[in-house]
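Every read-out reported here was derived from the displayed coordinates using simple, explicitly stated rules and does not represent laboratory data. Not measured: the values here are computed from a predicted model.
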Amino acid sequence: MDGVYWLIIVIVMAVIEIITLGLTTIWFAGGALVAFIASLLGADLAVQIILFIVVSVALMALTRPLAVNYLKRDRVKTNAESLIGKLGVVKEKVDNLNAQGIVSVEGQEWTARAIDDEMIPLYAVVEVVEIRGVKLMVREKVRKTPLGK
């Protein structure tokens with residue numbers, strides 16, 4: 001009769017994993033499957049529980065890092081994350097002291113602040129260094145005036 005409970009655990013854990021896709025319960029489904037097989041072979045309940053715990057922990061420890069790295073590889077950066085390292089043009093001078101600054105990057109305007117607290121003039125070319133909240137943290141690259149001088 002112990003085997004039925006292990007089979008139920010396998011199914012429940014697998015369904016939760018399918019619903020969440022978070023790599024949270026699949027390890028326990030594997031442990032429950034091994035415990036189920038052990039129950040079919042006549043193993044004592046204590047052995048089944050030990051197998052469940054050992055196999056679940058081993059699966060999590062050995063395969064989770066590989067699975068997480070594999071899933072991260074295909075992760076697409078969000079719009080904001082993809083801006084790091086890109087160049088933009090200052091549309092409103094960047095002045096941290098007065099909480100001013102707008103930068104246009106790839107046709108979109110963003111609130112910006114200088115990473116080094118220096119004022120960056122209008123039309124300067126800046127590089128996006130990081131993102132803090134909804135603000136781009138930028139560094140001046142090349143100074144550019146409206147007449148190209």
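Between residue 18 and residue 111, what is 0.36 nm times their sequence separation minus the Cα-Cα distance? Round to one decimal in nm.
Between residue 18 and residue 111, full extension yields 29.5 nm more.
If contacts are Cα pairs under 8 angstrom and at least 6 residues apart, what is the relative contact order of the chain in percent?
14
Which of the three applies to region 1-65, rounded, prolate or oblate, going by the alpha-carbon gyration tensor with a ≥ b ≥ c and a/c under 1.5 meaning rounded? The shape class here is oblate.
For region 21-36, the Karplus equation 6.51 cos²θ - 1.76 cosθ + 1.60, evaluated at θ = phi - 60°, returns couplings of 6, x, 6, 10, 10, 4, 5, 6, 5, x, x, 5, 5, 5, 5, 4 Hz by residue, with Gly and Pro reported as x. The separation of region 1-50 from region 86-100, counted between C-alpha centres, amounts to 57 Å. So what's the back-of-envelope 222 nm ellipticity for the chain, counting only DSSP H runs of four-plus at -39500 (n - 2.57) apiece and dividing by all residues, rounded to 500? Using -39500 (n - 2.57) per qualifying helix, the result is -14500 deg cm²/dmol. The amide H of residue 130, built 1.01 Å from its N in the peptide plane, has 137 as neighbours under 5 Å, considering only residues 5 or more places off or on other chains.
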